[in-house]
Amino acid sequence: MNRATTALIALLGGFVALVGVAPRSEAAEPASGQGLPLQFLSAPIPLTIAGHPAVLRVVRAQAAPDAAIDAVAAAWQGASTLLRRDDAGPWRNLSRVDRNGIQALQLRSAAGGGSEGYLVGWQLSAQPRPDSLAHRLLPSTATTLSDVASGGDAPGRTLVAWAPIDIAEADRTVLAKAATFGLRQRTEGRHPDPEPSRERSRHFSAGKAELALTLHREGRGTALVIHLMEASR
């Protein structure tokens, strides 16, 4: 998983819960830093989060993460704005919901001082993207926790889900579905399956698609992380 994807999945915990209160009739503002103490380090990066189009920018701030988040929170604050702030390890997260949709900022300390991270604008007005092959592999009892997609020459998708079943049952379900969809499991170099309750991984291919799956125990169920990469048609 690349750095941007890892950070986005962590960031989802800070603002996916806000979707229920965000108005769906208007699109989110693009990931714009106008009026914010941020420097853009990348061009806009189109993504799909939970089925909706989004734009990500890699950003930097001169201030330390907490101070930079304070400054952005002050700039974002308004009478009709809902802010949510979370800490996740070294990351400082700030999310905003208003009449335009959702924006989210994630920062951590940068080498040499200041902060670095990501600014995301999430457009909720568009129709959700149809389920992918990754979704169709999930057990019927699974709940999708995050869904991040990217375009380009090799479109990718990372899906995180949780199912209230043990690892062995989740594994059997995924393998049965994979066989139904004509996915070929790659077994070269794979070690024998561990104990039933231990983490395990699977790799599949189908045409130009490559799919990697990991399963691990999470609470009273199983967490599934699926990475899907597809060559452009």
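For this structure, a couple of remarks:
- Unmet requirement for SER146, which otherwise passes all of (1) within 30 Å of GLN62 (Cβ to Cβ); (2) modelled with pLDDT under 90; (3) among the hydroxyl-bearing types (Ser, Thr, Tyr): (1)
- Selection from region 163-180 of residues that are surrounded by 16 or more Cβ atoms within 10 Å (Cβ to Cβ) and among the hydroxyl-bearing types (Ser, Thr, Tyr): THR173
- Flag for ALA63 being at pLDDT 85 or above, part of a loop (DSSP other than H, G, I, E, B), touching a strand residue (DSSP E or B) at 6+ places or on another chain (Cβ under 7 Å) and not aromatic (Phe, Trp, Tyr): yes
The values are calculated or read from the model by the stated rules, or taken from the named source; none is laboratory data. None of these values were measured; they are calculated from a predicted model. Note: ideal-geometry Cβ built from the backbone for every residue, glycine included; neighbour counts use all protein chains shown.
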